[in-house]
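The values are calculated or read from the model by the stated rules, or taken from the named source; none is laboratory data. Since the structure is predicted, the reported quantities are computational estimates derived from the model, not experimental observations. Quick reminder, even Gly has a Cβ in these numbers, built from the backbone with ideal geometry, and neighbours come from all protein chains shown.
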Amino acid sequence: MAEFKFLQGNEACVEGAVAAGARFFAGYPITPSSEVAQAASVKLPPLGGYYIQMEDEIASMAAIIGASLSGLKSFTATSGPGFSLMQENLGMAIMGEVPCVIINVSRGGPSTGLATKQAQGDVMQSRWGTHGDHAMIVLTPSSVQECFDQTVRAFNLSEKYRCPVIVLTDKTIGHLRERIEVRGPEEIEVIDRKKPDCAPSQYKSCAPDDDGVAPLPSYGDRHLLRINSSMHGEEGFLNDSPANATALVRRLWDKIEKNVSYIGKIEGYRLEGAETVIIAFGIAARAARRAVTLARAGGIRVGLVKLLTLWPFPYAQIREALDPNCRSLLVAELNMGQLVLEVERLFKDKKILRVNKWSGEDILPGEIMAALKEAGC
Amino acid sequence: MVKAKISEIVILGERCKECAICLEFCPRQVLAANDDNKPVVKNIENCSGCRLCEYRCPDLAITVKRKEEATHG
Amino acid sequence: MGLTYRDYLREELFPQMWCAGCSHGISLTAVARAMAALKLDPAETVVVTGIGCWGKADDYFKTHSFHGTHGRALSFATGIKVANPRLKVLVLMGDGDGVTIGGNHFIHTARRNIDVTAVITNNFNYGMTGGQYSSSSPEGTISTTSLYGTAEPGFDICELARAAGATYVARTTPYHVTQMDKLLAEAIQHKGFSVVEIISSCPTFFARYNYKVTAVEMMRLFKERAVDRERYDALTAAEKAGCFLTGRLHREEKEDFHTKYARLQQQAKARAEREVV
Ligand code: SF4
Ligand code: SF4
Ligand code: SF4
């Protein structure tokens, strides 16, 4: 049953996780994500779930992988240096095809950087932080309601594609309090991993169906599950042949990159006739939305594309949403310019403008307005 | 001493890596090396069926079968 | 008819991948014999490994398996076991994996008394990467990264386990296969975090660099130097220095993590219900 609650973004992520069926959280406290751990430690045990505080973020990531394979939907939360420590086993979850969700409440870096201040500096770390070729799903909420909705969606995508999914929020969204609608499991779409329907002796842990995803039993089921962080064949046993490596890395890539039309999600605002379109996500998208309202009131033809999916980059959706009159794109982000690199790469036909800030403060609508004016919009 | 009537020893030469552990530590010197440094059964009548050679072989190259058994166990 | 130890192994893969005379093969079949002795259901058993020569062991078992990143095996195992306490979870690690890169996870798994069994083959060096010293290499160890000897002492893995809270601790060698089988079975049956350290031989590196001996001679050293508690206590300090203790070194009955956590869940549930009312 839906309930209205006045929650923090961090708390809303936990509400979303629980509604999606999560019953296991392992983590290590770190500002500004600690409220996710705190809420999980309160919510999960009465539901028969588990909160376990590990010795570090490496172990936290490992524990949620293990628990997911034993059949519990699992998640963790972290920030900054903690997210860096998770990269090792994020790769494990990709290679082993383990559904799990990581809430990354980003903060200023590098290193311990600005522990209590704002940043969106993990655009690239969330995409390319772990080594090797891989695809990654990263969802970006820009409100407390979206913290709930996007966490639900993160679990669904991770179960559907047997992969880790990152919910990338930030210090401001994480600590923001707003009134939201908390929906129960019966009111939301909940996707569960596909289980094998063949005889146990026929089952191969890594043999994909037509959708590129192999069914996933749990440890303890009659279908023997073999998970392997090293290059492996369809049965999960070590196989480092060139042909196998080529095929496996390709499949892990394709099962996500070929489904951008389903995974990718954007939201347009005032795009009709917009000559300049702002591209932003998270908290920056809220400042951008205000800037668009102000600019439109002043007769400037500006619109906004808010990214709900950051990676895989929803290029086709954005392209389609743009008005034929759109000549320039303005990327507003709380870093020195990370998302803009992808936009520049893909929109060579547009003039690209930037608003960047890495001081630990949020971008203000006025700063975006100023940039629009300076560019002659 | 009970004369061992119990055992049959099956050695799979293709699995053997010639480490000599089985030869060296058989309490009854039942095994000997052939020209390829792989074990062969020299005097089965001394064998007590203790299976130490089987259990110490890193490569499952030795199976000690007790006569009354169809398989090892 | 029950399963024999070979039924737990993918025998078609033998000879296995390890060097001639490497004791890992002996430890591998001993683990399978413990499984058979306890009649473990392969579908309720998970073999968890990390990285290193011994970390390849999972490929040989016909059970559920998890082969993961270096040093993290116990953390994966913690998640696996906590989420499904019915499972028997066997964590196979070397000295590098288990107590060097994984040292932090090792002590915390022991502290929590998670009901899994760690089988640590300690060959005093990193075999897979070419014979470098590890945190269990004794001071003065010659290795490919310490040709002048090491300037740091090695961990006593069993002491470490016990101090950190492991509730079952044992040590054995591949020479003592009968003892190994028995201790492994005991450890797997034990409720709580159990550790079996297998003093192992790496004939290719540690044995060659430090003793200039073969696999057979390493086995002889194990035979001569491994002593049980009773004999050990009777030795002089000088004699002790040349020996190491084997057998079951520690066992205590203590509630494991899951037993305590299940109680906590009940209390949390009762409190949540009260608060709703
Ligand atoms: S079973 Fe025992 S006695 Fe017989 S050959 Fe093997 S080790 Fe020797
Ligand atoms: S122990 Fe096994 S591998 Fe070694 S020599 Fe004997 S049969 Fe061959
Ligand atoms: S390098 Fe050493 S530990 Fe590794 S397989 Fe060879 S002998 Fe065994």
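Name every residue in the stretch A:259-281 that is farther than 7 Å from A:G303 by Cα and part of a loop (DSSP other than H, G, I, E, B), in order of residue number.
Matches in the stretch A:259-281: A:N259, A:G264, A:K265, A:E272, A:G273, A:E275.
Assess whether A:L47 counts as being over 21 Å from C:V48 (Cβ atoms), assigned by TED's automatic domain parsing to the domain that holds A:I30, at pLDDT below 95 and touching a strand residue (DSSP E or B) at 6+ places or on another chain (Cβ under 7 Å).
no
Does C:A77 qualify as being touching a residue at least 12 places away in the same chain (Cβ under 8 Å), within 12 Å of chain B (Cβ to nearest Cβ) and aliphatic (A, V, I, L, M)?
No; evaluated as a whole, the condition is false for this residue.
Just wondering, is there one or more residues in the stretch C:167-188 that are within 14 Å of chain A (Cβ to nearest Cβ), surrounded by fewer than 24 Cβ atoms within 10 Å (Cβ to Cβ) and either away from ligand 1 (no atom under 16 Å from the Cβ) or on the phi < 0 side of the Ramachandran plot (or both)?
So far as the stretch C:167-188 goes, no, none of its residues is within 14 Å of chain A (Cβ to nearest Cβ), surrounded by fewer than 24 Cβ atoms within 10 Å (Cβ to Cβ) and either away from ligand 1 (no atom under 16 Å from the Cβ) or on the phi < 0 side of the Ramachandran plot (or both).
Go through the stretch B:19-34 and report how many residues are more than 16 Å from ligand 3 (Cβ to nearest atom) and under 14 Å from B:C57 (Cα atoms).
Looking only at that region, the number is 6.
Is there a residue in the stretch A:238-248 that is within 14 Å of chain C (Cβ to nearest Cβ), surrounded by 15 or more Cβ atoms within 10 Å (Cβ to Cβ) and more than 22 Å from the chain's Cα centre (by Cα)?
yes
Are there any pairs with C-beta distances below 9 angstrom linking a residue in the stretch A:296-309 that is outside the structural domain of A:L157 (by TED's automatic domain parsing) and in contact (Cβ under 8 Å) with a residue 24 or more places away in the chain to a residue that is among the polar types (S, T, N, Q) and surrounded by fewer than 18 Cβ atoms within 10 Å (Cβ to Cβ), with the two at least 6 apart or on different chains, and if so which?
A:R301/A:N325
Filter the stretch A:327-354 down to residues that are assigned to a strand (DSSP E or B) and without any contact (Cβ under 8 Å) to a residue 40 or more places away in the chain and give me whichever is farthest from A:G282 (Cα to Cα).
If we take residues in the stretch A:327-354 being assigned to a strand (DSSP E or B) and without any contact (Cβ under 8 Å) to a residue 40 or more places away in the chain, then A:K351 is farthest from A:G282 (Cα to Cα).
Which residues, counting only those in the stretch C:36-55, are out of contact with any Lys or Arg (no Cβ under 6 Å at 6 or more places or on another chain), without any contact (Cβ under 8 Å) to a residue 40 or more places away in the chain and either buried (at least 23 other Cβ atoms within 10 Å of the Cβ) or of a type outside the set (A, V, I, L, M) (or both)?
Matches in the stretch C:36-55: C:K39, C:D41.
Check A:L224 against each of (1) aliphatic (A, V, I, L, M); (2) closer than 30 Å to C:K62 by Cβ; (3) away from every other protein chain (no Cβ under 14 Å) and name the one condition it does not meet.
(3)
Which of the residues spanning the stretch C:39-74 are among the aliphatic types (A, V, I, L, M) and either within 14 Å of chain B (Cβ to nearest Cβ) or under 16 Å from the mean Cα position of the chain (by Cα) (or both)?
Hits for the stretch C:39-74 are C:V46, C:V47, C:V48, C:I51, C:A57, C:A73, C:L74.
From the set of residues in the stretch C:114-141 that are part of a loop (DSSP other than H, G, I, E, B) and of a type in the set (A, V, I, L, M, F, W, C), which is nearest to ligand 3 (Cβ to nearest atom)?
C:M128
Give C:A185, C:A163, C:A170 a once-over and let me know the one that is in a helix (DSSP H, G or I) and under 15 Å from the mean Cα position of the chain (by Cα).
Exactly one of C:A185, C:A163, C:A170 is in a helix (DSSP H, G or I) and under 15 Å from the mean Cα position of the chain (by Cα), namely C:A185.
In the stretch A:83-114, which residues are more than 16 Å from the chain's Cα centre (by Cα) and among the small types (G, A, S)?
Selection gives A:G96, A:G108, A:G109, A:S111, A:G113.
Quick one: which strands (runs of 3 or more DSSP E) sit completely within the stretch A:1-100 and have at least 2 residues that are more than 24 Å from A:I283 (Cα to Cα)?
A:22-27, A:50-53, A:73-78
Would you check if C:H250 is within 14 Å of chain A (Cβ to nearest Cβ), closer than 18 Å to C:G192 by Cα and within 23 Å of the chain's Cα centre (by Cα)?
Against the criterion (within 14 Å of chain A (Cβ to nearest Cβ), closer than 18 Å to C:G192 by Cα and within 23 Å of the chain's Cα centre (by Cα)), C:H250 does not qualify.
With respect to C:T121, determine if the residue is within 14 Å of chain A (Cβ to nearest Cβ), hydroxyl-bearing (S, T, Y) and surrounded by 24 or more Cβ atoms within 10 Å (Cβ to Cβ).
No; evaluated as a whole, the condition is false for this residue.
Can you confirm whether the stretch C:7-25 contains a residue that is within 10 Å of chain B (Cβ to nearest Cβ) and either charged (D, E, K, R) or closer than 30 Å to C:Q265 by Cβ (or both)?
Checking the stretch C:7-25: at least one residue is within 10 Å of chain B (Cβ to nearest Cβ) and either charged (D, E, K, R) or closer than 30 Å to C:Q265 by Cβ (or both).
Could you give every pair whose Cβ atoms fall below 8 Å, whose first residue belongs to the stretch C:195-217 and is away from chain B (no Cβ under 14 Å), and whose second residue is within 16 Å of ligand 2 (Cβ to nearest atom) and charged (D, E, K, R), counting only separations of at least 6 or pairs across chains?
Close Cβ pairs satisfying both conditions: C:Y211/C:E217.
Restricting to the stretch C:26-54, give me the number of residues that are away from ligand 1 (no atom under 16 Å from the Cβ) and either out of contact with any strand residue (DSSP E or B) (no Cβ under 9 Å at 6 or more places or on another chain) or aromatic (F, W, Y) (or both).
Selection size over the stretch C:26-54: 4.
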